[in-house]
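Every number in this text was worked out from the coordinates using simple rules, so none of it is lab data. Since this is a predicted model, take the numbers as computed values, not measurements. Heads up, the Cβs are rebuilt from the backbone with ideal geometry, glycines too, and the neighbour counts pull from every protein chain shown.
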Amino acid sequence: MEKIIIDKISEIIDKQSKKTLKELDAIKRVTILSNNVVDIEIEIDDILHQDHIKREVAKIVKLELKYPGVKIEIKGKENEVLSNEEEKNKVRYIAIASGKGGVGKSTVTANLANALSKLGKKVGIIDVDIYGASIPFIFGMEIKPLDLDSKGKIIPARYENLEIISTEFFVPKDKPLMWRAPIASQMTEMFFESVSWQQELDFIIIDMPPGTGDIAIDVRELVPKSEMIIVTNPNVSAANIAVKAGLGSRELGHNIKGVIENMSFYYNACSKEKEYLFGEGGGSLVAEKLGVDLLAQIPITKPNDFDNLYDYNGLQGKTYLLLAKKFTEENNG
Ligand SMILES: Nc1ncnc2c1ncn2[C@@H]1O[C@H](COP(=O)(O)OP(=O)(O)OP(=O)(O)O)[C@@H](O)[C@H]1O
């Protein structure tokens, strides 16, 4: 049985040397444990692409060969491995997800990131809503190709103090993106592994695609410690889809932090009444079904004309600031 696993994973190609694990003599141990979990040790010097190798091994063992679990230990140049891991561990990753499109996931991503930045935090945004990337538009940014640093890593675009990476910077203007899943997957991986953040970041906010597809699986593998916020609108049918997305994400191993209800109500300044244009109760329904907190309810208001950011005098802006404060206080212990 071990031989089948060894044969399959031997063909994985190390991205740096362009050689297979077999050619590199990298597979040091493959043992099937009593609970059918596969224990694998790989020795390789390419620290940059270790996560890629781990994912490829996990795909073969779990998805192709259907083993219930896999433990992968990758050994390399010890000190370099440590610094790579240390870098990832310092940042707090928050993925913003939804069941349906159009509920305001990207608006929440941008405004939460902006509020954290206004509180003095160093924040990056990774827009992995590959087919519907909208983060650069929300910030009203000029779309132009991004530069690379001396090591060939991508230098993110900048909006004030925020650093932003999105597929929008990689495709010609007004061209639809029609990539097959493996290309989208490679792009996602590149956004997590090959970006040269220019500041020591406190937070990376990830704009996820709606639902729980391949990219959600990739993100879970790339940043296992990422937290997730589910965005819904108050409409009960949208909320039911958000519950499914939340349960699916949890099944993939994502740690669901809470729910944000967007477009909760419209405040009618004439009648001084709240009008519930999309119904009521969606956010609390999702929070209850997932057993997490309803973190915020964000009213309906037209964002700024120039960009889709809310200013901090209005109710939305204040709500985002409060939410951001909650996150920074958690960081300060
Ligand atoms: N609270 C709000 N009040 C008024 N308009 C809003 C609010 N939140 C978002 N919008 C608007 O709703 C539209 C959809 O928002 P957004 O693009 O953030 O949704 P999304 O969930 O990211 O969609 P997709 O998954 O399709 O990218 C945008 O035009 C945005 O400006």
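Dividing the alpha-carbon radius of gyration of the chain by the rule-of-thumb value 2.2 N^0.38 Å gives 1.07. Computed about its Cα centre, the charge dipole of the chain is approximately 520 debye, with only Lys, Arg, Asp and Glu carrying charge at their Cβ. Computed from backbone phi, the HN-Hα couplings of region 244-254 come to 4, 4, x, 5, x, 5, 5, 4, 6, x, 6 Hz, rounded to whole numbers (Karplus: 6.51 cos²θ - 1.76 cosθ + 1.60, θ = phi - 60°; Gly and Pro given as x).
Beyond 19 Å between alpha-carbons counts as too far, so tell me which of LYS54/LYS105; LYS3/LYS28; LYS15/LYS122; LYS302/LYS326; LYS18/LYS54; LYS118/LYS173 fall in that bin. From LYS54/LYS105; LYS3/LYS28; LYS15/LYS122; LYS302/LYS326; LYS18/LYS54; LYS118/LYS173, over 19 Å: LYS54/LYS105; LYS15/LYS122; LYS302/LYS326; LYS118/LYS173. Here's how it looks for LYS75: its modeled amide H is under 5 Å from those of ILE42, GLU43, ILE44, which are all 5 or more places away or on a different chain.
Of all DSSP bridge pairs formed entirely within the chain, close to 25 percent run antiparallel. Classify region 2-85 from the C-alpha gyration tensor, please: rounded if a/c falls under 1.5, else prolate or oblate depending on whether a/b exceeds b/c. Taking the square roots of the gyration eigenvalues as a ≥ b ≥ c, region 2-85 is prolate. DSSP beta bridges fully contained in region 212-317 are about 20 percent antiparallel.
Across the chain, the relative contact order, built from alpha-carbon pairs under 8 Å that are at least six residues apart, equals 17 percent.
Where does helix 105-118 land angle-wise versus the long Cα axis of the chain, in degrees 0 to 90, nearest 10? It is inclined by approximately 90 degrees.
Counted over region 2-85, the DSSP beta bridges are approximately 50% antiparallel.
Along region 11-23 the Karplus relation, 6.51 cos²θ - 1.76 cosθ + 1.60 evaluated at θ = phi - 60°, assigns HN-Hα couplings of 7, 5, 9, 6, 5, 6, 8, 6, 10, 7, 4, 5, 4 Hz to successive residues, with x for each Gly and Pro. Within the listed set GLN199, GLN316, GLN297, the residue fluctuating most in the Gaussian network model of the chain (springs between alpha-carbon atoms under 10 angstrom) is GLN199. Projecting the Cα positions of ASN255, PHE265, TYR310 onto the charge dipole of region 91-331 (unit charges on Cβ atoms of Lys, Arg, Asp and Glu, taken about the Cα centre) puts PHE265 furthest along the positive direction. Hey, if you put +1 on the Cβ of every Lys and Arg and -1 on every Asp and Glu Cβ in the chain, which of SER237, GLY140, PHE170 ends up farthest toward the positive end of that dipole? Highest projection toward the positive end goes to SER237. Here the Karplus relation 6.51 cos²θ - 1.76 cosθ + 1.60, evaluated at θ = phi - 60°, turns the backbone of region 194-205 into coupling constants of 10, 10, 9, 4, 8, 10, 7, 6, 8, 9, 10, 9 Hz, with x for every Gly and Pro. So which residue, out of SER196, SER271, SER17, gets the largest mean-square fluctuation from a GNM of the chain using Cα contacts under 10 Å as springs? The residue that fluctuates most here is SER271.
For VAL195, nonlocal amide neighbours, meaning residues 5 or more places apart or on other chains whose placed amide H falls under 5 Å from its own, are ILE154. Distances between placed amide hydrogens fall under 5 Å for VAL292 paired with no residue 5 or more residues away or on another chain.
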